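A.B. asks: I am attaching a structure below and will ask some questions about it afterwards.
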Amino acid sequence: MTILHLHRYSRALIATALVVSAIAFAGPPVAAATAPTLAAGAICGTKSVTKHPAPGVGKSATITASTAGSVTVVQLTTTTLKVMSATPASGWKATVITASGTTVHVGFQMVGFDNEQVRFWARLNTTGTRMAVILQTCT
């Protein structure tokens, strides 16, 4: 192998090492690191959907998420909701997964029991006049 080949080989080796190390240090995205996770044995029930009038632009509504807590959403525009607060009940913790958009998502998890979860979604219709609230319980 000539000196020129060794030089090219070492440059390629260094470039590959830099790319691999950059990928290793990047880590998981924030949403993946903070979202509630299901344990291997968790079983989720069917989603229940209830329809409500939309709060109206600039107004808020507080919706109960089963026994896990409540979520207060504000309607920013005809097509955008925003989670103002997620209040867990005693013994529960809340994680806002999607804070604003046409659909918002909050996860509630019982402290010390990874499988016990209540998932909450609120979604506006295309005209911004109706809001669907979707709940799913996992055990």
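Readers should treat all values here as calculations from the given coordinates under stated rules, not as data from a laboratory. Because the structure is predicted, anything quoted here is derived from the model rather than measured. Note that each Cβ is placed from the backbone with ideal geometry, even for glycine, and that neighbours are counted across all protein chains shown.
A.B. asks: How do the peptides 45-56, 60-71 rank, highest first, by the average count of neighbouring beta carbon atoms within 10 Å per residue?
C.D. replies: Ranking the peptides 45-56, 60-71 by packing returns 60-71, 45-56.
A.B. asks: Now for a different question. For region 64-74, take each phi angle, set θ = phi - 60°, evaluate the Karplus expression 6.51 cos²θ - 1.76 cosθ + 1.60, and give the result in whole Hz per residue in order, putting x for glycine and proline.
C.D. replies: 7, 9, 6, 8, 7, x, 9, 10, 9, 10, 10
A.B. asks: A further question on this structure: Using 0.36 nm per residue of separation minus the Cα-Cα distance, give me the extension gain between Ser85 and His52 in nm, one decimal.
C.D. replies: My answer for the length gained is 10.0 nm.
A.B. asks: Add +1 for every Lys or Arg and -1 for every Asp or Glu among the other residues with Cβ under 13 Å from the Cβ of His52, and state the total.
C.D. replies: Value of the local net charge: +4.
A.B. asks: Within straight cross-link reach of Lys93, meaning Cα distance under 22 Å, which lysines are found once same-chain residues fewer than 8 apart are removed?
C.D. replies: Within the straight-line limit of under 22 Å, Lys93 reaches these lysines: Lys47, Lys82.
A.B. asks: Between Thr139 and Val111, what FRET efficiency follows from the Cβ-Cβ distance if R0 is 22 Å, with the result rounded to 0.05?
C.D. replies: Calculated value: 0.90.
A.B. asks: Right, another one. With unit charges on the beta carbons (Lys and Arg positive, Asp and Glu negative) and the dipole taken about the Cα centre of region 31-138, which residue among Ala99, Gly112, Val57 sits farthest to the positive side?
C.D. replies: Result: Val57.
A.B. asks: While we're looking at this one, here's another question. Counting Lys +1, Arg +1, Asp -1, Glu -1, what net charge surrounds Ile134 among other residues with beta carbon under 10 Å of its beta carbon?
C.D. replies: Summing Lys and Arg as +1 and Asp and Glu as -1 gives +3.
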